[in-house]
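Shown next, in structure tokens, is the structure this report addresses.
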Amino acid sequence: MLGCVPSPTPLEQILIPTVAGLVGVLIGMVWAWLLQRQKDLSDERQRRDAAIAELLTATVDLITGIQIVRAAYEGQSGWPIRIRKAAVVIAALGSLFPGEPGSAAAPRSQGMVPGAGLAGSRALL
């Protein structure tokens, strides 16, 4: 066999269980810290995923709103657009002929000589 095994001294009888208990407590604390860290990382990942999901939902809502507005304006075909374009043309024609009845512009008879062409307009400058 191994020979004679000495019996533990009273100091060893006290130290061995105490150190074993402290090591057990230390292992338990490290294990609890690791579990808490893993739980914190998992919670952080869930919060990040929830924020990304919220951003994606907001993006889908925005794109849907844009498509609804675009569809509403594309639905404006036919006579409403033609009336709007006719009103723009009539307003432009009204600015070409100032002083006519119904025109908002004042007549331009402030020294312009009829038939003078560009020479008359340059004289005013």
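The values are calculated or read from the model by the stated rules, or taken from the named source; none is laboratory data. It should be emphasised that the depicted structure is a prediction, and the values quoted were computed from it without experimental measurement. Positions of Cβ are generated from backbone atoms using ideal geometry, with glycine treated the same way; all protein chains shown enter the neighbour counts.
Of the numbered criteria (1) surrounded by 10 or more Cβ atoms within 10 Å (Cβ to Cβ); (2) at pLDDT below 90, the one P114 fails is (1). Applying the set (1) over 52 Å from the mean Cα position of the chain (by Cα); (2) of a type outside the set (S, T, N, Q); (3) loosely packed, with under 10 Cβ neighbours inside 10 Å to A92 leaves exactly one unmet item: (1).
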